[in-house]
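Accompanying notes for the structure given below.
The values are calculated or read from the model by the stated rules, or taken from the named source; none is laboratory data. The structure displayed is predicted, hence computed values, not measured ones. The area values use the complete protein model at the heavy-atom level, side chains included, leaving out ligands, DNA and RNA. Shrake-Rupley method; radii C 1.70, N 1.55, O 1.52, S 1.80 Å.
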Amino acid sequence: MKKRIRKTRLIRAGIQLLFFILAPSLFSTAFAGVRSIFDSISQGTPVEWNSFLDITGILVLATILFGRHFCGYACAFGSLGDALYETFSWFWIKVLHRKKKPAYPEKAVYFMQKIKYVILAAILLACATGTYGKLQGTSPWDVFSMLRAGRLPGASYKVGVLLLVLIMIGMCTQERFFCQFFCPMGAVFAILPIVPGALLKRDRANCPQKCGACKKRCPAHLDIDGDTSRSGECICCHACQAICPKQNIHTGDA
């Protein structure tokens, strides 16, 4: 099982690194497409298709058909979170000699997962009312995009820099901290209707008694039951599949 876990992590890390290098702005581009719709609403003009909406449309369609693999494998901001969490966990266990990785209680995770919907609603409301421009400099992902492009953010981005630092600290203490709790694009993906065959499922009859390894390993503390009310929180990291002692987790009906 350790070999399977290591193989899964290495494959995922390789794909993440590839997207981080070649397409680091997919997240911000996709959300710019969502914002452009509400910008048009605020201006009272018809929504015109643009290059941002091309990316938004592709990622939305891919998420509906295949689940949130973009979040799990291709989002540069999510990959940054994984790298920080794994690095801090290594330091926590190997250097500080703690027995377990830091993690938030399940109830706290469930509660905080709702915050991203509030953030999404607030941003879209600001776009629709034409006040989004006043928030310039407060976006942590804009700051991240600048740094990734080799540019230092100016003085007008002080709030964005501070938020990015706080988010990076959170990323060290909870797996997929930003993705689960604060990502507005993650909120969009989480409410999409995902094709049932793309959801992870398990055959409970074949599960060892009192196992629960999949839920313990899942960053979102999900029950792997397919199309549940919380299935949209699954970022398709496939960690549950790798850790299952019976290889009992799968997609589709197989």
For His221, solvent-accessible area (1.4 Å; no DNA, RNA or ligand), Å²: 30
Accessible area (Å², per residue) of the chain, counting only protein heavy atoms and a probe of 1.4 Å: 55
Vicinal HN-Hα couplings computed from phi for the stretch 151-165 (Karplus, 6.51 cos²θ - 1.76 cosθ + 1.60; Hz; Gly/Pro x): 10, 7, x, x, 4, 6, 9, 4, 5, x, 5, 4, 5, 5, 4
Candidates Arg98, Arg68, Arg148, ranked by Gaussian network fluctuation over the chain, Cα under 10 Å, top entry: Arg98
Degrees separating the helix 115-128 axis from the principal Cα axis of the chain, which is the longest one: 20
The stretch 132-141 - phi-based ³J(HN,Hα) in whole Hz, Karplus 6.51/-1.76/1.60, Gly and Pro as x: 4, x, 6, 8, 3, x, 9, 7, x, 6
When each of Lys107/Lys246; Lys7/Lys215; Lys215/Lys246; Lys99/Lys210; Lys94/Lys116 is checked by Cα-Cα distance, pairs over 24 Å: Lys107/Lys246; Lys94/Lys116
Among Thr228, Thr63, Thr138: highest mean-square fluctuation, GNM of the chain, C-alpha pairs under 10 Å: Thr228
Portion, in percent, of the accessible area of the stretch 78-129 that falls on carbon or sulfur, probe 1.4 Å: 73
Candidate residues Asp54, Asp82: accessible-area rank, largest first, probe 1.4 Å: Asp54, Asp82
Choice from Phe31, Phe91, Phe66 showing the highest fluctuation, given a GNM over the chain with Cα pairs closer than 10 Å: Phe91
Using alpha-carbon coordinates, inclination of helix 51-66 to the longest axis of the chain, degrees: 20
Per-residue HN-Hα couplings for the stretch 177-190 [Karplus 6.51, -1.76, 1.60; θ = phi - 60°; Hz; x = Gly/Pro]: 4, 5, 4, 6, 10, 10, 7, x, 6, x, 5, 4, 5, 5
Distance from the stretch 186-254 to the stretch 1-63 (C-alpha centre basis), Å: 22
Rounded tilt (10° steps) of 2-22 against the dominant C-alpha axis of the chain: 10
